[in-house]
Every structure is written in C-alpha cells, then in structure tokens.
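K.L.:
Handing you a structure now.
The values are calculated or read from the model by the stated rules, or taken from the named source; none is laboratory data. Everything numeric here is computed off the predicted structure, so don't read it as measured data. Here the Cβ positions follow ideal geometry from the backbone for every residue, glycine too, while neighbour counts run over all protein chains shown.
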C-alpha cells in the first residue's frame, strides 16, 4: 500500500485523498480498512480513478473496497479540508449514507460530479472539487497567457512594420 503523509489513522467519515500522477482520487473512509468511492465502470479493480477513460465516462459506480486496494502504491492522506468552512455531518450519517449508495450507478462528469464532489457531498452536504477549481484557474491563466503572447506578437509585428515604413 502507498504511504500515508502522516502517521494518523483514518477515522470513519474521514475523506481520503489519493495522489495519482496527474490528479487526486477521493474516497470516504467507513472503518475496518474500507472506503466508499465513485469509480467510472471502465476502471480496473484497485486502480481507483486512474484510467484515462475516467475523463470520457458519463456514468460511474459507487464501490466499497479496501483502502489498500484503492490506494495501491500511491501516496494518500486524510484530507478533511473543508472542516473549517462547513460543519461535517455526524460520522454515523456519513457512513450510513455512503453504504446506502454502494452498488448504485451515478452520473459522472470530471468537472461537475467526480469522486471529489461525491466524497465531499457525503461529508459536508456540499459537492465541491478544489482540483477542478484549480484546473479551471490554471487553464484560464494559461489561456490568458497565450492571448497575451499573441497580442504582444501582433503588437510587435505592427511596430516592426511601422519601423520598416519609416526607414523607406
């Protein structure tokens, strides 16, 4: 199993963040070494949400699996990052609702309803994904940077043409 960033042991109701190569996969710890998480059906057992097909999937299944199988060799941590922003639901409610969803099929959209939205909805009653927000912000900054470069190149090109006219 991958390494936890701390020596803390997860408690039922905790959110587990698994560091994949390009993103994080999220699950809800329910106790006894088990998690509940949202997984696109194209995933192989134990891979969590690591498949490229995750992006294209429009449906996903809620699974109950061993934390060690979901994590594999990746690093993980308990990440109840919104506890200061929202009051978490009671532990027994989080676990009960998670277990009731096991085996159900859910819509899946990488931007509006992914594994992080799912896990945070169970813990806080609010579906949020900070990794999506960061990606949108980074994408906007990149797009702005590209537009800035294009504008600068256009301005320099226009300035260069003026210089050519002035020297003739």
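K.L.:
All but one of (1) in contact with a helix residue (DSSP H, G or I) (Cβ under 8 Å, 6 or more places away or on another chain); (2) modelled with pLDDT of 80 or more hold for residue 69, so report the exception by its number.
P.N.:
Only one criterion is unmet by residue 69, namely (1).
K.L.:
Of the residues in segment 56-89, how many are touching a residue at least 60 places away in the same chain (Cβ under 8 Å) and either part of a loop (DSSP other than H, G, I, E, B) or over 24 Å from residue 2 (Cβ atoms) (or both)?
P.N.:
As a first pass, look at segment 56-89 and keep what is touching a residue at least 60 places away in the same chain (Cβ under 8 Å): 67-68, 71-81, 88-89.
If we keep only those that are either part of a loop (DSSP other than H, G, I, E, B) or over 24 Å from residue 2 (Cβ atoms) (or both) too, we end up with 72-74, 79-81, 88-89.
Total meeting the criteria: 8.
K.L.:
In segment 90-132, what residues are assigned to a loop (DSSP other than H, G, I, E, B), closer than 15 Å to residue 17 by Cα and in contact (Cβ under 8 Å) with a residue 60 or more places away in the chain?
P.N.:
114
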